[in-house]
């Protein structure tokens, strides 16, 4: 019996798979970036300026900057989720690209690792685009904001891994709707993207403190304001723990699906 | 050490307790085209997946290009090319890009790929399609490109899983020509198919498997001579069944009647042909025994799946 629970096998052979995805992305780069950032930008500008005219400041930040940092994290979350579900599913199931790859010296473990890194890469791309808009609008206060890029990568690893779990279980594209309605939408509303978590009742605050997106936002907001975040390592540890555990689960489920 | 490029010994693979491959053994010598025949569900694809190290066997040993599988499967796959049953070319790329990307999976350097790719496109008859998107290629072109892709690493062993399923006769002949060229160059081929004409044309040696077990293995002609009477008379029509019961059964060495056809197998067909001359309500075909007769005899007529 193939042991699907064995530890991940690491080799550098994953890089050509990541490069393959990059090449496809390059063919449609502009459309792809616009697709990834259109939503968050619209939210940021519409709500930021609209509601921002009633609430000039939120926790010592311009409201548009407040929501902007929320949108940076949100876009990292959504971009990696889309990539790990719809796009990965197309490659795995519809096009059988993974089947072709595992007939070469590249193993399924390498393929999944490459896809995981790729989901996070896509997150960094959209985070970069949104951050540039925030800076262009004049809301960046220090060079510390550059650290939001590696944060975007970590958020991408976290949600990319969740998405790859869904991918391994999905009978078809419709299945991914569950992830949006049961995971991402509550995450978006409870993690302090639009208003501070402290405004919510204690019970909801307790829920929020377990959500990875909340920890991402707790890092991003101070960075944009030019401050080192409080409890930085705790937030990083929570995000990293979610990412690593979810990736292992995704790997086991993917092996179960394809290596039989 | 033998010169076997692939050696499978006592292979066992079970799913939920049911053996799909059940003690299968065979060896493929360098330079031969070995055909693995069997009805759907006989265990052909499972055997191939075990050989490639994609699934771990429950028993037995595999040695591919001299390396133990699954232990050194990754190293072994560097020297093997695979044409899968279902097309899985990368639809986002052109023909040339598909070869480049696939070459990178093997870690082949850019300069070496630039040298190999024109030759492979030429081999596949796709020079003019070098920059064409995969979506614009016909089914036959896609198969040829898949074959070219499987050769990007200049493999010692080429594994083809039903390479011409779904192709029209012209496209099949082109694939066969390509495979014969490769055999002439000294490549070793493992082919699974359920097209008997394909196996008969290409394979130097065959193994017929069913229910995961090897039933017979030899050169195609020898297998037929060994298991099937040399001549066949097929009789069709409204009266075929009645004719078969009254005349055929007595005169043929072996007869099978299904629907409105009687298959008569005989060493000497003359008495059968004589009674058919004056028989109304039937048409008949007299031919030498072929691989299909062998296959049906060994694996039965009932439908699989």
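Please find, among B:55, B:62, the residue that is in contact with a helix residue (DSSP H, G or I) (Cβ under 7 Å, 6 or more places away or on another chain) and at the interface with chain A (Cβ under 9 Å from one of its Cβ atoms).
So the residue among B:55, B:62 that is in contact with a helix residue (DSSP H, G or I) (Cβ under 7 Å, 6 or more places away or on another chain) and at the interface with chain A (Cβ under 9 Å from one of its Cβ atoms) is B:55.
Of the conditions (1) buried (at least 21 other Cβ atoms within 10 Å of the Cβ); (2) modelled with pLDDT under 95, residue A:194 satisfies every one except a single condition; which number is it?
Unmet for residue A:194, out of (1) buried (at least 21 other Cβ atoms within 10 Å of the Cβ); (2) modelled with pLDDT under 95: (1).
In the stretch B:120-154, what count of residues is obtained for those that are out of contact with any helix residue (DSSP H, G or I) (no Cβ under 8 Å at 6 or more places or on another chain), within 12 Å of chain A (Cβ to nearest Cβ) and either free of Cβ contacts under 8 Å to residues at least 24 places away in the same chain or within 20 Å of residue A:17 (Cβ to Cβ) (or both)?
2
Is there a residue being under 27 Å from residue B:54 (Cα atoms), facing chain A (nearest Cβ under 8 Å) and surrounded by 19 or more Cβ atoms within 10 Å (Cβ to Cβ) anywhere in the stretch B:106-119?
Yes, the stretch B:106-119 contains at least one residue that is under 27 Å from residue B:54 (Cα atoms), facing chain A (nearest Cβ under 8 Å) and surrounded by 19 or more Cβ atoms within 10 Å (Cβ to Cβ).
Inspect the stretch A:247-254 for any residue being part of a helix (DSSP H, G or I), farther than 19 Å from residue A:147 by Cβ, within 14 Å of chain B (Cβ to nearest Cβ) and in contact (Cβ under 8 Å) with a residue 60 or more places away in the chain and give the result as yes or no.
yes
Please go through the stretch B:29-56 and give me each residue that is in a strand (DSSP E or B) and within 14 Å of the chain's Cα centre (by Cα), ordered by number.
Passing the criteria: B:33, B:34, B:35, B:36, B:37.
So if I check each of A:186, A:171, which one is free of Cβ contacts under 8 Å to residues at least 40 places away in the same chain and not in a helix (DSSP H, G or I)?
A:171
Which of the residues spanning the stretch B:42-73 are at positive phi and buried (at least 19 other Cβ atoms within 10 Å of the Cβ)?
Within the stretch B:42-73, B:43, B:53, B:65 meet the criteria.
Kindly indicate the residue of the stretch B:74-90 that is under 21 Å from residue A:91 (Cα atoms) and surrounded by fewer than 18 Cβ atoms within 10 Å (Cβ to Cβ) and also nearest to the other protein chains (Cβ to nearest Cβ) among those meeting that condition.
B:86
Kindly provide the set of residues from the stretch A:1-19 that are in a helix (DSSP H, G or I) and surrounded by 12 or more Cβ atoms within 10 Å (Cβ to Cβ), ordered by number.
A:13, A:14, A:15, A:16, A:17, A:18, A:19
Tell me whether the stretch A:152-166 contains one or more residues that are crowded, with 16+ Cβ neighbours inside 10 Å and without any contact (Cβ under 8 Å) to a residue 24 or more places away in the chain.
No: the stretch A:152-166 contains no residue that is crowded, with 16+ Cβ neighbours inside 10 Å and without any contact (Cβ under 8 Å) to a residue 24 or more places away in the chain.
Just to check your reading of the model, which residue among A:34, A:41, A:22 is away from chain B (no Cβ under 14 Å), in a helix (DSSP H, G or I), surrounded by 11 or more Cβ atoms within 10 Å (Cβ to Cβ) and touching a residue at least 40 places away in the same chain (Cβ under 8 Å)?
So the residue among A:34, A:41, A:22 that is away from chain B (no Cβ under 14 Å), in a helix (DSSP H, G or I), surrounded by 11 or more Cβ atoms within 10 Å (Cβ to Cβ) and touching a residue at least 40 places away in the same chain (Cβ under 8 Å) is A:41.
Could you go through the stretch A:53-73 and let me know if any residue there is within 21 Å of residue A:168 (Cβ to Cβ), at pLDDT 95 or above and in a helix (DSSP H, G or I).
No, the conditions are met nowhere in the stretch A:53-73.
Residue by residue, here is whether (1) touching a strand residue (DSSP E or B) at 6+ places or on another chain (Cβ under 7 Å); (2) more than 14 Å from chain B (Cβ to nearest Cβ); (3) surrounded by fewer than 23 Cβ atoms within 10 Å (Cβ to Cβ) holds:
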{"position": "A:26", "(1), (2), (3)": "no, no, yes"}
{"position": "A:70", "(1), (2), (3)": "no, yes, no"}
{"position": "A:83", "(1), (2), (3)": "no, yes, no"}
{"position": "A:99", "(1), (2), (3)": "no, no, yes"}
{"position": "A:111", "(1), (2), (3)": "no, no, no"}
{"position": "A:120", "(1), (2), (3)": "no, yes, no"}
{"position": "A:124", "(1), (2), (3)": "no, yes, yes"}
{"position": "A:129", "(1), (2), (3)": "no, yes, yes"}
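Is it the case that residue B:172 is under 15 Å from residue B:198 (Cβ atoms) and either modelled with pLDDT of 95 or more or out of contact with any helix residue (DSSP H, G or I) (no Cβ under 6 Å at 6 or more places or on another chain) (or both)?
Yes, satisfied.
State which residue pairs qualify: first residue closer than 20 Å to residue A:63 by Cβ and inside the stretch A:131-151, second residue in a loop (DSSP other than H, G, I, E, B) in any location, beta carbons under 6 Å apart, and separation of 6 or more residues or different chains.
A:141/A:226; A:142/A:226
So is residue A:54 closer than 29 Å to residue A:178 by Cα and either in contact (Cβ under 8 Å) with a residue 40 or more places away in the chain or away from chain B (no Cβ under 14 Å) (or both) or not?
no
Where in the stretch B:161-248 are there strands (runs of 3 or more DSSP E), lying wholly inside it, with at least 1 residues that are more than 30 Å from residue B:267 (Cα to Cα) and in contact (Cβ under 8 Å) with a residue 24 or more places away in the chain?
By residue number, B:188-193.
Within the stretch A:135-145, identify whether any single residue is away from chain B (no Cβ under 14 Å), crowded, with 21+ Cβ neighbours inside 10 Å and assigned to a helix (DSSP H, G or I), and answer yes or no.
No, the stretch A:135-145 contains no residue that is away from chain B (no Cβ under 14 Å), crowded, with 21+ Cβ neighbours inside 10 Å and assigned to a helix (DSSP H, G or I).
The values are calculated or read from the model by the stated rules, or taken from the named source; none is laboratory data. It should be emphasised that the depicted structure is a prediction, and the values quoted were computed from it without experimental measurement. Using ideal geometry, Cβ is built from the backbone for each residue, glycine included, and neighbour counts are taken over all protein chains shown.
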